[in-house]
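Structure first, then comments.
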Amino acid sequence: MGSNDDRVMQLRVVPAASTDEGCRGCSRRAVLHGLALTAASALFGCPSGDGSMTGTGPDGGDGGSGSIASACGANLCLDLNDPKNAVLTQVDGALVVAAPRDSILLVRSSTSAVLAVSDICTHAGCGVRYDRVNKIFSCPCHGSQYTLTGMVLRGPAFKPLAKYQTQLDVSTNQLTILL
Ligand code: FES
């Protein structure tokens, strides 16, 4: 009888441990996030000796490859004159850059603005993509969808994507992501 009680206790414990609140504390997400940042660091060598960080553009197929961002104070800066960041000079252009604690998806939403959200899905940590046809972010893993401000449109995710403020100087083509 005692062993049955132990089994019941174990069965109760397992679901409780795997219950997630938008995968906050979800070990899979934590692992994926860790892997993503590790991969970003390994692939992009961030930051390099000159303080620059590079990223990539898996934004649904046509993002820039090897974007370059530099630490500028506590923030991240991109020179859109750099050919590796040039996709963001076009409205609807999208790019992912590696930040110290996140992977940030950038979308040129208008001639004067760039949106920035974490590209790590709040459900289980997959990289979200920009759907330029529907003007949303979508996750290829389980179908979550988000508005361009990061709010959840469709689950299973229910927590919004982290959002970042940006400053775009259109006269000099300099973008700052406020971290
Ligand atoms: Fe499951 Fe994004 S990881 S919907």
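Just so it is clear, none of the values below were taken in a lab; they were calculated from the coordinates. None of the values given here were measured: they were computed from a predicted structure. Here Cβ is always computed from backbone atoms with ideal geometry, including for glycine, and neighbour counts include all displayed protein chains.
For the residues V128, V107, the requirement of being touching a strand residue (DSSP E or B) at 6+ places or on another chain (Cβ under 8 Å), within 13 Å of the ligand (Cβ to nearest atom) and of a type outside the set (S, T, N, Q) singles out V128.
Output yes when any residue across region 89-104 is over 19 Å from L179 (Cα atoms) and of a type in the set (A, V, I, L, M), and no when none is. Yes - at least one qualifying residue is present in region 89-104. Counting only strands (runs of 3 or more DSSP E) that sit completely within region 133-173, those holding 1 or more residues that are touching a Phe, Trp or Tyr at 6+ places or on another chain (Cβ under 9 Å) correspond to 136-138, 152-154. Residue count for region 65-112 satisfying the condition of being over 19 Å from I136 (Cα atoms), crowded, with 19+ Cβ neighbours inside 10 Å and either in contact with a Lys or Arg (Cβ under 8 Å, 6 or more places away or on another chain) or without any contact (Cβ under 8 Å) to a residue 12 or more places away in the chain (or both): 2.
Taken over region 155-164, the residue count meeting the criterion of being without any contact (Cβ under 8 Å) to a residue 60 or more places away in the chain and within 9 Å of the ligand (Cβ to nearest atom) is 2.
Applying the set (1) in a loop (DSSP other than H, G, I, E, B); (2) among the hydroxyl-bearing types (S, T, Y); (3) over 17 Å from A69 (Cβ atoms) to S109 leaves exactly one unmet item: (1). Taking the criterion of being more than 12 Å from the ligand (Cβ to nearest atom), touching a residue at least 24 places away in the same chain (Cβ under 8 Å) and touching a strand residue (DSSP E or B) at 6+ places or on another chain (Cβ under 6 Å), the residues of region 131-148 that qualify are D131, L148.
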